[in-house]
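Undergrad: Below are the structure tokens for one structure; questions will follow.
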Amino acid sequence: MHNPNDKEFPMDRRMWLTTVSTLAMLAAAGLPPGFQSAARAADFAVAVRDAWVRAPVAGQTDAGVFLRIVSRDNAALVGAASPVAAMAKIHAMHMANGEMTMRAISRLPLPAGVEVSLEHRYHLMLMGLKKPLHVGDTVPLTLLVVDASGRRHRIPVAATVRPLDATEPPAMMTMPMR
Ligand SMILES: [Cu+2]
């Protein structure tokens, strides 16, 4: 995860404050504005926004998935799945011999109240796509989050396929799932 004070994400502090107030209202019916997906129970609340899939290079069977996620309480992202892919992995970028590479990790901590970016250093990777993905398609995903007491929660997310050269999440692209 990145530090909320990270200069790379100057908006984070404001978004974090917004997110905290949003999470405080999660008990209310419906989905808070700006959030695409949320899962909650009396003692569990996670919200996801700006989820999108980068359209793969023609002929490629892998595709990156990018999103932001916040948990009200300490938790961890431990997996993902999608019906359009044989498997989905949590990836982390790292430097090896002067080159940026990525590897699968089994657990990404979600510190309480901190919005964690899976848009650069961390991301999801769909592997073994079962069909071509086209720009504008909606890809269903399920995120697997484990809470501090070890219980697993499944969080449904709808990710929109964006062009291969897309690098930023679309402004205000939300897809309420009520
Ligand atoms: Cu990757």
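Bear in mind these aren't lab numbers, they're just calculated from the coordinates by the rules spelled out. Remember, predicted model here, so these are calculated numbers, not experimental data. Positions of Cβ are generated from backbone atoms using ideal geometry, with glycine treated the same way; all protein chains shown enter the neighbour counts.
Undergrad: Out of all the residues in the stretch 54-87, which are part of a loop (DSSP other than H, G, I, E, B) and not basic (K, R)?
TA: Correct list: A55, P56, V57, A58, G59, Q60, T61, D73, N74, S82, P83, V84.
Undergrad: If a residue has to be near the ligand (Cβ under 10 Å from one of its atoms) and among the basic types (K, R) to count, how many in the stretch 55-105 make the cut?
TA: Matching residues across the stretch 55-105 total 2.
Undergrad: Another question, if that's okay. When you scan the stretch 70-83, do you find a residue that is closer than 23 Å to L164 by Cβ and over 12 Å from the mean Cα position of the chain (by Cα), even just one?
TA: Yes - at least one qualifying residue is present in the stretch 70-83.
Undergrad: Which is at positive phi, in contact (Cβ under 8 Å) with a residue 60 or more places away in the chain and within 16 Å of the ligand (Cβ to nearest atom), of G113, G128?
TA: G128
Undergrad: Is it fair to say P156 is away from the ligand (no atom under 16 Å from the Cβ), under 17 Å from V48 (Cβ atoms) and either assigned to a loop (DSSP other than H, G, I, E, B) or of a type outside the set (A, V, I, L, M, F, W, C) (or both)? Give the steps one after another, and end with the answer.
TA: On the way: away from the ligand (no atom under 16 Å from the Cβ): yes; under 17 Å from V48 (Cβ atoms): yes; either assigned to a loop (DSSP other than H, G, I, E, B) or of a type outside the set (A, V, I, L, M, F, W, C) (or both): yes.
Judged against the criteria, P156 is a match.
Undergrad: Which residue pairs have Cβ atoms under 9 Å apart, sit 6 or more places apart or on different chains, and have a first residue in the stretch 131-156 that is within 21 Å of I90 (Cβ to Cβ) and touching a residue at least 60 places away in the same chain (Cβ under 8 Å) and a second that is part of a strand (DSSP E or B) and among the acidic types (D, E)?
TA: Hits for this filter: H153/D147.
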